[in-house]
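Some notes on the structure that comes next.
The values are calculated or read from the model by the stated rules, or taken from the named source; none is laboratory data. What you see is a predicted model; the values in this text were computed from it and never measured. Here the Cβ positions follow ideal geometry from the backbone for every residue, glycine too, while neighbour counts run over all protein chains shown. SASA here: full protein model, heavy atoms, side chains in, ligands and nucleic acids out. Shrake-Rupley method; radii C 1.70, N 1.55, O 1.52, S 1.80 Å.
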Amino acid sequence: MASRSRSYTQLLGLLSFNLLLFTTSTKAVRVGVILHKPSAPTLPVFREAPAFRNGDQCGNHEADHIHIAMTLDTNYLRGTMAAVLSLLQHSTCPENLSFHFLSLAHFENDLFTSIKSTFPYLNFKIYQFDPSLVRSKISKSIREALDQPLNYARIYLADIIPTSVDRIIYLDSDLVVVDDIEKLWHVEMEGKVVAAPEYCQANFTYYFTKAFWSDPELVKVLEGKRPCYFNTGVMVVDVGKWRRGMYTQKVEEWMTVQKQRRIYHLGSLPPFLLIFAGDIKAVDHRWNQHGLGGDNFEGKCRTLHPGPISLLHWSGKGKPWLRLDSRKPCSVDHLWAPYDLYRSSRHSLEE
């Protein structure tokens, strides 16, 4: 009996020792998981784009470069890649395109690798955008995507890119260009800070709240101005004039008023209208066939407007890559599909 008792005691001791090892090991694993920093989201993988070369008539000097700015949002990267491909494919001098990408710092290395592997010959640079510049200034809008800090990066563009750049084309990531971007680049600015397609039958009551229209001092800002809307997703900007006119600070001032008074519903567009409405260089509407993503709530399908087209823009809630993947595309989404470099794409142009 004594021998059995000792064996039983030894067994209990061995079990207790193993349990202690298991518990200690488990705690160590848990501590390890807690200490690891969260990794960046896995970026989509893209096919390598063809190499696009300059025509014989293209210059190779700095003055011949066309500067294009875009943001790099991990959620819109597929759209950015398609936009870049469309620009290169339709350019007479693709090697003269210089891309200036704005991104959040903690994704910069992954994004650089993704772009470099997709466009090995692309002339580009990535700039870190500090979201703290705008995070405290952003007011909730009618759609969450409009409230992301990168949506406001265009306001700080002139402060981020090199001072040697005195003109730049800003483009959203949900568009494709089907014409030579050099035509837009050479628009005569006529002393204006911004050039873009504009629409002068706009109803500004749609963009601003009762709090704005009931304040006589605020309403004075629009007095004498033509009610002209323009979409900030496609703009040619005279960067030198923007800097000298301190327009970044002017936009921030309106964002501060918005934070205090709630004078508009949309994201970064209304401050631009308050400053530039009716006072930009108007370019042909063919350079921004916008609204193809539908409205900001439902994103229902829309058809093309009549007339020539140089740029297709899926502004609004519906994005072509999401609708194509869901097998519920709009007819206009098939115009975006040929520029999709996403390696796992299975959508068919015949659908």
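Numbers for the structure displayed
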quantity	calculated
List Lys210, Lys183, Lys281, ordered by accessible area with a 1.4 Å probe, largest first	Lys210, Lys183, Lys281
Simple spin-label estimate for Arg135 and Cys58 in nanometres, 7 Å along Cα-Cβ	4.0 nm
Nonlocal amide H pairs with Phe46, under 5 Å, H built at 1.01 Å	Arg343
Other-chain or far-sequence residues with amide H under 5 Å of Ile66's (modelled H)	Leu97, Ser98
For region 216-231, Karplus couplings with θ = phi - 60° (6.51, -1.76, 1.60), whole Hz, Gly/Pro x	x, 5, 5, 4, 4, 4, 9, 5, x, 9, 6, x, 10, 8, 9, 8
√(5λ) per eigenvalue of the Cα gyration tensor, region 52-111, largest first, Å	25, 13, 8
Which of Tyr170, Leu150, Ile160, positive extreme of dipole for region 146-187 (C-beta unit charges)	Ile160
Solvent-accessible area of Asp295 with every protein chain in place, 1.4 Å probe, in Å² to the nearest 10	60 Å²
Residue-wise HN-Hα coupling along region 162-174, computed from phi with Karplus coefficients 6.51, -1.76, 1.60 (Hz; x: Gly, Pro)	x, 5, 6, 8, 10, 8, 8, 9, 9, 10, 5, 8, 9
Lysines whose Cα lies under 29 Å from that of Lys328, excluding same-chain neighbours fewer than 8 positions away	Lys300, Lys317, Lys319
For region 201-297, size of Cβ-based charge dipole, Lys and Arg +1, Asp and Glu -1, in debye	140 debye
Cross-link table Lys183/Lys220; Lys192/Lys250; Lys225/Lys250; Lys137/Lys250, entries beyond 25 Å C-alpha to C-alpha	Lys183/Lys220
5 angstrom amide H check on Leu102, placed H, neighbours 5+ away	Met70, Thr71, Leu72, Tyr127
Total charge dipole magnitude, region 220-351, about the Cα centre, Cβ charges on Lys, Arg, Asp, Glu only, Debye to nearest 20	400 debye
Share of carbon and sulfur in the accessible heavy-atom surface of region 233-351 [1.4 Å probe, %]	51 percent
Computed lengthening from Glu188 to Lys125, 0.36 nm per intervening residue step minus Cα-Cα distance	20.0 nm
Phi to ³J(HN,Hα) by Karplus 6.51 cos²θ - 1.76 cosθ + 1.60 over region 285-298, Hz, x for Gly, Pro	4, 4, 8, 7, 7, 9, x, 6, x, x, 7, 7, 10, 10
Accessible area per residue, Å², region 273-351 with all protein chains present, probe 1.4 Å	49 Å²
Charge dipole magnitude, Cβ of K and R +1, D and E -1 - region 100-223, Cα centre, debye nearest 20	320 debye
Accessible heavy-atom area order of Cys200, Cys301, highest first, probe of 1.4 Å	Cys301, Cys200
